[in-house]
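> Just dropping this structure here.
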Amino acid sequence: MPTLAITNFNIVLSVLGGWVSLFGLVSYLFKENFYLSEALISLLAGVAVSPPAADLVRPLEYAGTVENLHTITLYFSRLVLGVQLVLAGVQLPSRYLKKQWKPLSILLGPIMAAMWIATSLIVWALVPNLSFLHALVVGSCVTPTDPVLSNVIVKGKFADHNVPKDLQRIIIAESGANDGLGYPFLFFALYLIKYIGDGGVAEQGGARVAIGLWFGETWGYTIILSIIYGATVGWIAKELLHWAEEHRFVDRESFLVFAISLALFIVGTCGMIGSDDVLACFIAGNVFTWDDWFRLETLDDSLQPTIDMLLNVSIFLWYGAVCPWSSFLHNSVIPIYRLIGLGILVLIFRRLPFIFAVRKFIPQIEEVRQAIFVGFFGPVGVSAIFYLYITLDFLKTLEVDGKPRADVADLAETVDVVVWFLAICSIVVHGLSIPLGKLGFYLPRTLSRGVSSASSDGRDAGPSFTIGSRVATFVTGRPRYDSNSDDISGGGGAAESSTTIARRVFRIGGTIIPPRQEGLFSMPGVSSNASAVGGLDGELSPGRVSTPAPAAPGGIAGRSIRFPDEPPARTSGVVVGSDQ
């Protein structure tokens with residue numbers, strides 16, 4: 001007998017598939033017309049199905065334990081970052097990292113360091129009872145700019161119309177490279193905490209051992225090895241694909257999916273050897289299309305953007321469900337009013353002042369407003385959550401007898417609350433910035449133009465909102481046509497007259513629609529001197545005659561609907577309001 005199987009797996013699949021399908025129905029409307037990012041919309045959908053709301057998706061129940069939930073979120077973030085960064089590397093033109101090494105070195109060197117220090121100082125100032133060394137850990141998690149959220153300003157109609165191509169590419173390159181380069185900033189603080197945080201009681205060696213591990217393990221094994229490994233794998237993959245395509249061994253489907261399968265391979269192998277899979281994926285993607293062959297071959301294909309969209313929607317739906325929303329209000333490290341102030345200050349001072357200061361050294365930034373644009377849009381997102389769980393995993397190694405060391409007892413909660421809150425702030429603010437900016441730019445201009453046009457030509461625009469005052473009397477009805485003439489009957493002394501009905505028109509509110517210019521449009525039975533309906537202040541005078549206009553070439557005489565590129569229709573002299 002059939003039974004219901006309402007399991008967590010079935011619910012998660014149903015919610016994910018249903019949401020992707022529903023969002024797909026209106027995706028163009030939201031993304032290209034309203035400029036809303038899929039990340040923000042999916043995050044809100046995740047909140048709606050999370051345990052505090054509809055309780056459809058229960059991540060903790062599905063994972064079993066908090067540690068398992070952290071592991072799932074970490075691996076999911078690794079997967080999304082790996083695929084996204086390979087695709088980001090593939091998008092860049094031939095030898096881009098080599099050609100643009102000077103501006104990239106500025107963005108990835110002094111700018112990242114300044115962002116790290118500035119964010120850490122703000123966190124140190126606003127989080128009570130937090131040491132500066134611990135603040136460096138929090139600051140390092142949100143230092144990298146997120147490549148997933150950067151898509152909203154480098155792809156789509158807004159980017160095509162407002163962001164130059166060179167600026168788009170430098171943003172892609174920076175957001176791709178600095179994700180992997182977050183490791184040195186994070187582990188500089190973590191190693192110091194491990195060896196000198198408690199005064200050297202638990203770990204021997206002090207700062208000398210910490211700095212040695214930072215140079216050896218972090219820079220040597222994690223960063224340099226990942227760069228070499230990513231470049232090697234990307235080059236070999238490019239040559240193999242060239243060879244297979246020349247011998248016609250590869251079909252189109254496998255050719256298109258090759259970059260995505262390359263990302264999965266690098267994430268898995270780098271994860272096994274413990275290197276920086278995020279940086280390796282970006283380097284591999286750029287080397288893979290070093291000669292621009294693969295990028296140009298797949299320029300018009302939609303598989304990669306489709307996978308990109310599917311991963312974006314999925315990861316932010318999951319983030320909305322797993323985010324510790326209640327901890328923002330109820331935690332033991334920072335009150336909510338300080339948390340809100342922290343989010344505002346980080347969004348303003350984390351990146352914008354430093355990009356503005358070095359704008360003259362980055363050729364892609366040509367204007368002050370472009371510097372403000374690049375400085376503001378440095379979003380915090382998937383990469384911050386990735387480094388958050390890297391930090392939590394490292395803090396587990398600092399336990400003594402199954403309990404956290406006294407000096408890091410509150411650090412895990414601090415990192416969890418602050419990083420999640422900053423990520424949510426960035427997703428919301430950067431997701432709404434473009435539509436709100438567009439609204440704020442166009443709405444005042446539209447209203448001011450409407451108000452000025454309504455009161456132009458020395459005419460009174462009428463009361464702002466008067467309902468029921470009589471405006472005009474129009475003569476409506478369908479005029480008859482003479483079978484042997486293109487003119488309306490009654491206009492040239494024809495035998496037949498048109499049947500008309502007088503109707504009163506009343507004003508409902510003021511108008512912001514400018515009046516039509518005389519002679520550009522003429523309705524049958526209405527004077528061409530009349531203004532728009534909402535702008536008339538008195539009744540149309542009986543006996544006023546519409547001005548005849550020549551017929552449109554090939555058009556239909558007397559047609560009331562005309563397209564903008566057509567000349568006015570030819571009408572005969574129909575007397576408005578007269579007794580014929």
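The values are calculated or read from the model by the stated rules, or taken from the named source; none is laboratory data. Source: prediction; values computed, not measured. Cβ placement follows ideal geometry from the backbone for every residue including glycine, while neighbour counts extend to all protein chains displayed. Areas reflect the complete protein model, heavy atoms only, side chains present, ligands, DNA and RNA absent. Shrake-Rupley method; radii C 1.70, N 1.55, O 1.52, S 1.80 Å.
> Within region 381-388, identify whether any single residue is over 21 Å from the mean Cα position of the chain (by Cα), of a type outside the set (Asp, Glu) and in a loop (DSSP other than H, G, I, E, B), and answer yes or no. Let's see the steps before the verdict.
Taking region 381-388 and keeping what is over 21 Å from the mean Cα position of the chain (by Cα), we get 387-388.
Okay, now just the ones that are also of a type outside the set (Asp, Glu), so 387-388.
Restricting the remaining residues to those that are in a loop (DSSP other than H, G, I, E, B) gives none.
Checked region 381-388: no residue is over 21 Å from the mean Cα position of the chain (by Cα), of a type outside the set (Asp, Glu) and in a loop (DSSP other than H, G, I, E, B).
> Given Thr232, Thr218, which one is free of Cβ contacts under 8 Å to residues at least 40 places away in the same chain, in contact with a helix residue (DSSP H, G or I) (Cβ under 6 Å, 6 or more places away or on another chain) and either within 21 Å of Phe282 (Cα to Cα) or surrounded by 15 or more Cβ atoms within 10 Å (Cβ to Cβ) (or both)? Let's see the steps before the verdict.
Details: Thr232 fails: in contact with a helix residue (DSSP H, G or I) (Cβ under 6 Å, 6 or more places away or on another chain).
That would be Thr218, the only listed residue that is free of Cβ contacts under 8 Å to residues at least 40 places away in the same chain, in contact with a helix residue (DSSP H, G or I) (Cβ under 6 Å, 6 or more places away or on another chain) and either within 21 Å of Phe282 (Cα to Cα) or surrounded by 15 or more Cβ atoms within 10 Å (Cβ to Cβ) (or both).
> Taking only pairs six or more apart or across chains, which ones have beta-carbon atoms under 8 Å, a first residue in region 146-174 that is free of Cβ contacts under 8 Å to residues at least 24 places away in the same chain, and a second residue that is not in a helix (DSSP H, G or I)?
Within 8 Å, the pairs are Val154/Val163.
> Please enumerate the residues belonging to region 152-194 that are over 15 Å from Gly89 (Cα atoms), at pLDDT 90 or above and open to solvent by less than 10 Å² (accessible area, probe 1.4 Å).
Once the filter is applied, which keeps residues that are over 15 Å from Gly89 (Cα atoms), at pLDDT 90 or above and open to solvent by less than 10 Å² (accessible area, probe 1.4 Å), region 152-194 yields Leu167, Gly182, Pro184, Leu186, Ala189, Leu190, Ile193.
> If you take the residues of region 8-50 that are touching a residue at least 60 places away in the same chain (Cβ under 8 Å), in a loop (DSSP other than H, G, I, E, B) and open to solvent by less than 60 Å² (accessible area, probe 1.4 Å), which of them is farthest from Leu149 (Cα to Cα)?
Checked region 8-50; the qualifying residue farthest from Leu149 (Cα to Cα) is Ser50.
> Moving to a separate point now. Based on this model, can you work out whether Val418 counts as surrounded by fewer than 20 Cβ atoms within 10 Å (Cβ to Cβ), closer than 17 Å to Leu345 by Cβ, at pLDDT 65 or above and not small (Gly, Ala, Ser)? Walk me through it before giving the result.
On the way: surrounded by fewer than 20 Cβ atoms within 10 Å (Cβ to Cβ): no; closer than 17 Å to Leu345 by Cβ: yes; at pLDDT 65 or above: yes; not small (Gly, Ala, Ser): yes.
Taking the combined requirement at face value, the residue does not satisfy it.
> Those residues that are open to solvent by 50 Å² or more (accessible area, probe 1.4 Å) and among the acidic types (Asp, Glu), I need them from region 277-300; list them, please.
Across region 277-300, the qualifying residues are Asp291, Glu297, Asp300.
> When only residues in region 195-215 that are open to solvent by 60 Å² or more (accessible area, probe 1.4 Å) and either hydrophobic (A, V, I, L, M, F, W, C) or at pLDDT 95 or above (or both) count, which is nearest to Phe265 (Cα to Cα)?
Of all residues in region 195-215, those open to solvent by 60 Å² or more (accessible area, probe 1.4 Å) come to 196, 199, 201, 204, 208, 215.
Next, from what is left, pick out any that are either hydrophobic (A, V, I, L, M, F, W, C) or at pLDDT 95 or above (or both): 196, 201, 215.
Details: Ile196: 38, Val201: 41, Phe215: 27 Å.
So, considering only residues that are open to solvent by 60 Å² or more (accessible area, probe 1.4 Å) and either hydrophobic (A, V, I, L, M, F, W, C) or at pLDDT 95 or above (or both), the one nearest to Phe265 (Cα to Cα) is Phe215.
> Taking the criterion of being aliphatic (A, V, I, L, M) and open to solvent by 20 Å² or more (accessible area, probe 1.4 Å), would at least one residue in region 80-93 satisfy it? Working first, answer last.
So the first thing to find is which residues in region 80-93 are aliphatic (A, V, I, L, M), and the list is 80-81, 83, 85-88, 90, 92.
This time we only want the ones that are open to solvent by 20 Å² or more (accessible area, probe 1.4 Å), so: none.
Checked region 80-93: no residue is aliphatic (A, V, I, L, M) and open to solvent by 20 Å² or more (accessible area, probe 1.4 Å).
> Something else: Here are some residues: Val380, Val374, Val358, Val333. Which one is touching a Cys at 6+ places or on another chain (Cβ under 9 Å) and open to solvent by less than 60 Å² (accessible area, probe 1.4 Å)? I'd like the intermediate steps shown before the answer.
Values: Val374 fails: touching a Cys at 6+ places or on another chain (Cβ under 9 Å); Val358 fails: touching a Cys at 6+ places or on another chain (Cβ under 9 Å); Val333 fails: touching a Cys at 6+ places or on another chain (Cβ under 9 Å).
None of the others qualify; the one that does is Val380.
> If I ask for residues that are touching a residue at least 60 places away in the same chain (Cβ under 8 Å), open to solvent by less than 60 Å² (accessible area, probe 1.4 Å) and not acidic (Asp, Glu), which ones from region 257-276 would you list? Talk me through it step by step, then tell me what you get.
Within region 257-276, the subset touching a residue at least 60 places away in the same chain (Cβ under 8 Å) is 259-260, 262-264, 266-267, 271, 276.
Among the residues that remain, those that are also open to solvent by less than 60 Å² (accessible area, probe 1.4 Å) are: 259-260, 262-263, 266-267, 271, 276.
Within region 257-276, Ala259, Ile260, Leu262, Ala263, Ile266, Val267, Gly271 meet the criteria.
> Is it true that some residue in region 86-97 is over 26 Å from Gly18 (Cβ atoms), small (Gly, Ala, Ser) and not in a helix (DSSP H, G or I)?
yes
> Follow-up question, since we're still on this one. Can you say whether Ile72 is open to solvent by less than 50 Å² (accessible area, probe 1.4 Å) and within 30 Å of Phe328 (Cβ to Cβ), as far as the supplied structure shows?
Values: open to solvent by less than 50 Å² (accessible area, probe 1.4 Å): no; within 30 Å of Phe328 (Cβ to Cβ): yes.
Taking the combined requirement at face value, the residue does not satisfy it.
> So which pairs qualify, if the first residue must be in region 242-256 and assigned to a loop (DSSP other than H, G, I, E, B), the second must be open to solvent by less than 50 Å² (accessible area, probe 1.4 Å), the Cβ gap must be under 8 Å, and the two must be at least 6 apart or on different chains?
Listed pairs, sorted by first residue: Val250/Leu241; Val250/Ala244.
> Mind listing just one residue for me: the one in region 103-113 that is in contact (Cβ under 8 Å) with a residue 40 or more places away in the chain and closer than 16 Å to Arg169 by Cβ and, of those, surrounded by the most Cβ atoms within 10 Å (Cβ to Cβ)?
Result: Leu107.
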